[in-house]
Every structure is written in structure tokens, then in C-alpha cells.
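Since the structure comes first, as C-alpha cells, the remarks are kept for the end.
The values are calculated or read from the model by the stated rules, or taken from the named source; none is laboratory data. Given the structure is predicted, the values throughout are model-derived calculations rather than measurements. Reconstructed Cβ throughout: ideal geometry from the backbone, glycine too, with neighbour counts over all protein chains shown.
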Amino acid sequence: MSLSFLLKASLFRSSLIYLLATGLSAGAPLVLLPILTRALSPEEYGHIAMFSVAAQIFGITTGLSTHGAVGMKYFDRDAIDFPRFVGSCLIILLISTVVTLLFAWTTLDWLKLYLTLPGSWLLIAVAFSACNFIVQVQLSIWQSSKEAFRFASLRSFQGATDLAASFILALSLALGWQGRVSGMAISSFVAACLALYLMRRSGWIRLPHDAVYMRDALRFGLPLVPHAAGAMLIMISDRFLVANVLGVASTGIYLVAAQLGMILYLANDALNRAYSPHLIENLKLHDQARDRQIVRFTYAYFIGILAVAIAFGLLAPIILGALAGPKFQAASSIFIFIAIGQAFSGMYLVVATYIFYTGRTSYLAMVTIPAGIANITITYYLLKHRGLIGAAQAFMITQLLFFIGTWALAQRSRPMPWLKALGLDVAVFVRPGLIGLAMTTYAIAFIPSGKWHYFSEAADDVQPDPLQLIDAARDGDLVMMETLLARGIDINATNSLGVTPLIAATASLQGPAVKLLLSRGARRSDRTNEGYTAYDFAKNQLNDELARLLADNGKRK
């Protein structure tokens with residue numbers, strides 16, 4: 001049979017509209033990327049990353065994931081008072097947001113310590129997540145009703161507001177990272193107000209709330225809270241650990257690679273938003289021939305997004321050179337792993353639809369929590385041994401495990417002929433497949449890179465030479481510097497001329513490398529065999545900025 005039901009013009013039209021909408025909504029960070037990476041330091045960019053981390057953490061409890069119930073209940077709108085159901089979900093949002101704000105207020109000192117943000121911005125992050133929930137409610141209604149154009153209009157409006165506000169505040173008014181974060185918050189608030197107005201005008205909100213509907217929404221949403229917590233551990237623990245293990249500057253570099261990877265995620269999200277209503281309609285038919293068509297289409301989709309991700313990852317040096325500039329060029333060496341991880345994330349979106357279709361949302365926590373804990377363990381281990389590259393590899397591994405686990409639960413929720421559709425026997429492939437997955441994961445995560453010297457030229461990574469750190473500092477290769485420092489190289493090591501990494505970085509005018517070394521405790525007072533300090537090199541080259549950094553506690557003039 002043909003795949004005509006999947007290849008309808010309406011499906012592709014909707015996919016294109018969703019793709020344009022997500023592209024425009026994500027346009028602010030992408031358009032601003034080549035500007036902000038030249039105007040802001042890696043440390044400032046790291047603060048932007050940590051605000052997003054805080055917003056995602058608070059997003060777990062603001063609304064309690066009940067916006068997903070709105071999208072699913074839309075299909076039963078003829079049997080229930082759907083506007084009152086929406087109103088009940090908004091009351092849940094109000095109550096949960098107040099509780100979250102109180103929690104954030106009482107734990108503010110602890111949150112400031114680990115999220116490296118001022119307390120006021122942490123409280124703004126709570127409001128930011130609540131506004132995003134309101135927007136998601138309206139978007140869920142439009143997605144379920146297949147109103148792709150309206151969906152795109154709201155997403156595009158939010159993206160345009162974000163871009164304009166961020167440009168004015170961060171660049172025109174020179175507010176730096178705070179201006180960028182303010183732009184994000186303002187656009188979210190304006191979009192939430194517009195979403196409330198549109199829902200009210202369309203008759204999708206009715207008050208007072210209904211206790212029965214609130215219980216129904218919570219039955220859907222509360223099981224998703226552990227899932228959201230696990231997903232949060234998967235999506236943001238890498239940035240949290242990078243900030244606390246390698247420093248905020250490294251977080252800024254990692255964020256640049258992650259933002260570029262979001263292009264792949266947003267494309268996958270757009271395609272899935274257009275496809276999922278068609279998928280749900282066809283799953284309800286319980287037709288074996290139709291199920292086989294869905295499976296074949298899904299496999300073709302998996303192969304396609306993985307191929308695109310690999311190609312995109314290989315082009316990273318060119319793309320980042322044009323977008324991010326020299327200060328963030330180090331992100332190119334880790335992007336291939338993030339790109340492949342985003343491909344696995346796109347595969348997860350497809351198979352998760354089966355679980356949402358059956359309403360067995362509690363199943364998702366069975367995957368996300370173990371995957372989140374595994375992500376923390378793998379990320380910390382690889383960060384210590386491989387630096388930023390290890391964090392990116394951990395992201396890829398965790399996304400693969402998350403996808404495989406969700407796929408298994410999807411099969412339990414709504415059985416599909418995943419192997420029979422290809423003429424294969426399930427029993428022959430399941431056990432070898434699981435063994436192969438375990439061995440591959442172990443090999444990538446836990447075998448030291450030096451053990452792979454039969455297949456690569458990484459044998460010298462077994463015992464890094466201190467001179468490598470000096471060379472990396474001279475070249476401004478922050479990723480290599482972080483990797484070598486994480487593996488125990490002396491930050492004040494010298495070569496035969498008495499040159500330290502700090503002196504090498506200063507002599508080559510590598511400002512970010514100098515800042516990284518100083519943040520890790522590099523000695524300013526060390527001298528070359530001829531008696532020159534790093535400060536002397538900065539002054540001889542008339543670089544006042546580096547000279548101020550290298551002055552002994554500000555005493556030199």
C-alpha cells in the first residue's frame with residue numbers, strides 16, 4: 001500500500017508552517033548569536049545559559065504540565081465543557097506559580113550559589129516559566145485543531161518581540177547579558193497577555209473552575225512532573241555541571257554549540273507538531289496495514305534526520321566561524337556530538353506521541369528519571385576526563401538512551417509492527433540489539449580515549465604533555481585547555497624558556513584564554529628565563545585590557 005495518507009499536501013503544508021514558526025520564534029537567539037558572541041564575553045553568555053536553566057527548573061512546577069491535557073482534551077471537546085477545562089488549568093497555573101515563587105524566595109541564597117545568578121533574576125525566571133505555560137495552552141489548542149497558521153503567528157510574534165527587545169536592551173542600551181534576558185522575559189509576558197486575550201475572545205476560557213476538571217487535568221499532568229524533572233536533568237544538567245566544574249566561561253561556549261543544535265531540535269519539533277495529529281487519527285483506526293505504513297514512514301524519517309544531523313555537525317567549523325566569531329570557535333569541536341544527540345531527541349518526539357495518545361503519561365517517568373540520573377553521572381565523569389567534549393558526548397549518549405527507553409515504553413503502550421513491517425523476526429534482533437547498545441554506550445563513555453589508538457591518533461591523550469597546555473593557550477583553544485586542566489595538567493607548567501600557559505596566552509593576545517587561566521588560579525608572578533612576566537608582555541604590546549587583568553591585585557599602574 002502507498003503512504004498517501006502520510007504524504008498529504010496538508011501535512012507538508014502544516015510542517016512547513018510549523019517549521020517557519022519555530023524558526024521565527026527561535027530567530028532572536030540565532031539572529032543575535034553573531035552579534036552577542038562578539039559583544040559579550042563567554043562569562044556573560046554563560047549567565048544567559050543559566051537563566052534558561054533556572055526557567056526550565058521552575059517550569060516543572062508552574063502549571064504542573066497540565067497544558068498537555070488541554071491539547072488531548074480538545075479531541076473530546078464535544079463530550080465535555082472544554083472552555084471550563086481550560087479555565088481550570090489556568091487556575092492550577094495560578095496556584096502552582098504562587099507556591100513556586102514562595103519556594104524560590106525561601107531558598108534564594110542556595111539557588112543563587114548554584115545557579116550563579118542574582119536573586120531578582122531567579123524570581124523573574126519563575127514568572128517567565130508561568131508566561132510560557134499560558135502561551136503553550138493556546139498553542140496546544142491550535143495544534144490539536146490543525147490551525148497551523150495561527151500557531152505560527154503567535155510563535156512568530158513572540159520571536160519578533162524577543163529580537164526587538166533584546167537588541168534594544170542588550171546592544172543599544174549596552175545592558176549586556178541582563179538586557180538579553182530582559183528581552184526574553186518581556187517577549188514571554190507580552191505573548192502570554194496576547195494568548196489570554198485570544199483564548200478569551202474565542203470562547204476557550206470559562207470560569208469559575210470545575211473541581212472535576214482540575215482533578216482530570218492533574219491526573220494527566222502530575223505523572224508528567226517526574227517526567228519533566230527527569231527531562232530537566234537530561235536537558236540542563238550538562239550546563240549546570242559545566243558551570244560548576246569548568247566555569248561560567250565554558251558554559252558560554254557550550255551554550256553557543258547548544259543553540260546551534262537547537263536548529264535541529266526546532267526542525268524536528270515542527271515536523272512532529274504537524275505529524276502528531278495525523279498520527280493520532282490513524283492510530284485510532286487500529287488497522288494493521290495502516291500501522292505497517294506508519295512504521296516504514298517512521299524508519300525513513302529516523303534515517304533522514306540522523307543523516308542531516310551528521311552533515312550539519314561536520315559543517316560546524318564553517319558555520320560557527322561565520323556566526324560566533326573567534327571567541328567561541330572552540331564550540332565547533334563539540335558540535336558534532338550535540339547534533340547527533342538532537343537527532344535522537346527528534347526520534348524521541350515521534351515515539352513519545354504513542355504514549356501521549358494512550359494517556360499513560362506515568363510511563364514516561366520510568367525512562368526520564370533513570371536517564372536523568374545516568375546523564376548526571378556520565379556527564380560528570382566525562383567532564384572530569386575530557387572537558388567540554390565529554391559534556392557533549394554525554395548529551396549524545398543520554399539522548400540515545402532516552403530515545404530507546406521511550407521507544408520500548410511506546411511499544412508497550414500501543415504495540416506497532418516495528419520489525420514485522422520490515423519482514424524481520426522480533427526475537428532474533430531484540431537481545432543482540434540491547435547487548436550492542438550497552439557495549440557501544442560503555443565504549444564511548446568509559447573507555448579512555450587513549451585506548452582507541454589502534455583506530456585513531458589519540459594515543460598521546462593517555463598521558464598529556466604539559467607543553468600541550470602551553471600550545472593550547474597560545475592558540476586560544478579553550479576546549480583543549482579545559483580538557484587538559486580537567487585531566488590534571490599543572491596550570492603553571494613551563495617549557496624550556498620558562499614560558500607558562502598564562503604567558504603564552506598573553507603574548508599571543510588570547511584574551512579569553514587569559515581570563516580562563518586567571519579564573520583557575522594561574523600565577524601572575526611567574527617569569528620567563530629572561531625575567532618577563534605575563535604583565536610585561538601585555539604592556540609591551542600596549543594591550544591595556546590584558547594589563548589590567550594581569551596587574552597584581554590592581555597594584556600595578
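What single numbered condition from (1) of a type outside the set (S, T, N, Q); (2) surrounded by 23 or more Cβ atoms within 10 Å (Cβ to Cβ); (3) free of Cβ contacts under 8 Å to residues at least 40 places away in the same chain fails to hold for PRO415?
Condition (2) is where PRO415 drops out.
Being surrounded by 22 or more Cβ atoms within 10 Å (Cβ to Cβ), under 26 Å from the mean Cα position of the chain (by Cα) and modelled with pLDDT of 85 or more is true for just one of ARG273, ARG180. Which residue is that?
Matching residue, one of ARG273, ARG180: ARG180.
Using beta carbons and a limit of 7 Å, which pairs, at least six apart or on different chains, have the first residue in the stretch 26-50 and under 20 Å from ALA160 (Cα atoms) and surrounded by fewer than 24 Cβ atoms within 10 Å (Cβ to Cβ) and the second one at pLDDT 70 or above and hydroxyl-bearing (Ser, Thr, Tyr)?
Close Cβ pairs satisfying both conditions: ALA28/SER166; LEU32/SER166.
Give the number of residues within the stretch 78-95 that are under 23 Å from ALA352 (Cα atoms) and part of a loop (DSSP other than H, G, I, E, B).
Final tally of qualifying residues: 0.
Quick check on this structure: which one of SER145, SER187 is in the same structural domain as SER96 (by TED's automatic domain parsing) and within 26 Å of the chain's Cα centre (by Cα)?
SER187
Of all residues in the stretch 73-106, which are hydroxyl-bearing (Ser, Thr, Tyr) and over 25 Å from the mean Cα position of the chain (by Cα)?
TYR74, SER88, THR106
If you go through the stretch 509-526 one residue at a time, how many are part of a loop (DSSP other than H, G, I, E, B) and within 19 Å of ALA39 (Cβ to Cβ)?
Of the residues in that region, 2 qualify.
Taking the stretch 487-510 on its own, how many of its residues are closer than 29 Å to TYR380 by Cβ and surrounded by 19 or more Cβ atoms within 10 Å (Cβ to Cβ)?
The total comes to 7.
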